[in-house]
Each structure stands twice: as C-alpha cells, then as structure tokens.
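Quick notes on the structure that follows.
The values are calculated or read from the model by the stated rules, or taken from the named source; none is laboratory data. As the structure is a computational prediction, the values presented were derived from the model and not from experiment. As a convention, Cβ positions derive from the backbone with ideal geometry for all residues, glycine included, and neighbour counts pool all protein chains shown.
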Amino acid sequence: MPEFRTGMAIKWNDEIYLVLDYQHQHMGRGGATTRVRLKNVQTGAVREVTFRDSDRFEEVRLERRPAHFSYSTGDHYHFYDTETYEEVVFDRSQIEEALGYLKEGIEVNILYAEGRPIGLELPFHVELEVVETDPGLKGDTASGGSKPAKLETGIVVQVPLFVQVGDIVRVDTRTGKYIERVK
C-alpha cells in the first residue's frame, strides 16, 4: 500500500502534487484504499484521488529554504530567498491557503521540488493586528465569550471579548485559530 504523509510531494501521472490530507480505508474483504486530497503545484488545482494497493507513484524529495515575504503586485507574490539572494515569485493560485497569514517581512520556508519552487511552509503561528471588531460587552457570554475580528491581512478569526481594534494577536497558521493577545 502506498504510504502517504501530509505535506509530502509525489509525482503521479507526470505531474507533481502536494499531499494535503489522506484517509486510509479498509473495505471488508476487498483491498484497502487510501483517499488522498492532492494539490497540483503547477496549477494550484485541488482534487481527491483514491489509491489502491497496486497504484504507484514516486515520492519527490522536498527541499526547504528560508525566505522573507517582500511584497505583492496584483496576483504575484515576491519572496527573497535568504540563502541564494534570489527573488522567487509565486502566483496567487500556488499559495492561496497562505495568503491570510502573509505580511511584509514574515519569514517562511520556500518548498522546492526538482529544483523549482512549488509552495510555502508558514511558521506555526503569526502575529497580526486587529483592524476591525465589535466592542465586547461586559457579561455578554451568549456567544461563548468570543467575537469575530478582522485582521490586517483580511482573514477573520474568533477572538475573546476583551480583544479590541489595534491589539496584536497570535494566530495558529495550521488551524486558523486565535492563540493569545500579544499587545
């Protein structure tokens, strides 16, 4: 049975994919299958594929290099590779899931497969400023003690009632959830 890991890169049908998620399934007397969510690194398209024991793919070795996010122009995002001093440009579709956590100067890892950049690896958490939220009312716990807050990058996360506009909050990039107020 093919062994999958979240975040691994595979070459299948002459294209390179990142494994986003997988689920192993065993069907009684039938053979085992693995349902895998794959992201095409060229097009950014995500698809679900079911692999059987007999299906073959090639694991692609990923290389990680540190980089800083510099700026964006339209749908292009520019990064500065701190090892090679080169500029690496990604199209919006290649890094869509990371956009809500990118701000100028953030340090990320650029993922390379077969010598070319294929995606980003974010830090586990980022610190972002709250730009829009309702004022929390004292004693208002009907909503579970949280409220939506729009952050400087445009994402919306649930935060405790005491968080106000201008506060800096730490957000987990893997889950998209509030961790703590920093300032």
Exercise for the section: Note down all Cβ pairs under 6 Å where the first residue falls in the stretch 1-26 and is surrounded by fewer than 16 Cβ atoms within 10 Å (Cβ to Cβ), the second is not in a strand (DSSP E or B), and they're at least six residues apart or on different chains. Expected result: M1/D53
Practice task
Check off (1) surrounded by fewer than 16 Cβ atoms within 10 Å (Cβ to Cβ); (2) of a type outside the set (S, T, N, Q); (3) at negative phi for G100 and give me the number that stays unchecked.
Solution key: (1)
Problem - Leading residue by the ranking (modelled with the highest pLDDT) among those in the stretch 1-42 that are in a loop (DSSP other than H, G, I, E, B) and small (G, A, S) - result: G7
Problem - Top-ranked residue of the stretch 43-63 - restricted to ones that are surrounded by fewer than 13 Cβ atoms within 10 Å (Cβ to Cβ) and not charged (D, E, K, R), ranked as modelled with the highest pLDDT - result: T50
Fill in the blank from the handout: Of the candidates G115, G105, G100, G74, the one satisfying the condition of being among the small types (G, A, S), within 20 Å of V169 (Cα to Cα) and more than 16 Å from the chain's Cα centre (by Cα) is G105
Practice task
Considering only residues that are among the acidic types (D, E) and in a strand (DSSP E or B), look in the stretch 166-183 and name the one that is nearest to E132 (Cα to Cα).
Solution key: E180
Problem - Check on Y80, of a type in the set (F, W, Y) and either surrounded by fewer than 18 Cβ atoms within 10 Å (Cβ to Cβ) or touching an Asp or Glu at 6+ places or on another chain (Cβ under 8 Å) (or both) - result: yes
Handout entry: The listed residue being in a strand (DSSP E or B), more than 28 Å from N13 (Cβ to Cβ) and without any contact (Cβ under 8 Å) to a residue 40 or more places away in the chain, out of V131, V89
Key = V131
Handout entry: All positions within the stretch 44-81 that are part of a loop (DSSP other than H, G, I, E, B) and within 14 Å of P117 (Cα to Cα)
Key = G44, R61
Exercise for the section: Kindly indicate which of T43, T73 is free of Cβ contacts under 8 Å to residues at least 12 places away in the same chain and of a type in the set (V, I, T). Expected result: T73
Completion exercise
Within the stretch 91-109, of all residues that are touching a helix residue (DSSP H, G or I) at 6+ places or on another chain (Cβ under 9 Å) and within 20 Å of A45 (Cβ to Cβ), the one modelled with the highest pLDDT is L99
Practice task
Within the stretch 110-161, track down each residue that is surrounded by fewer than 16 Cβ atoms within 10 Å (Cβ to Cβ), among the β-branched types (V, I, T) and modelled with pLDDT of 90 or more.
Solution key: V131, I155, V156
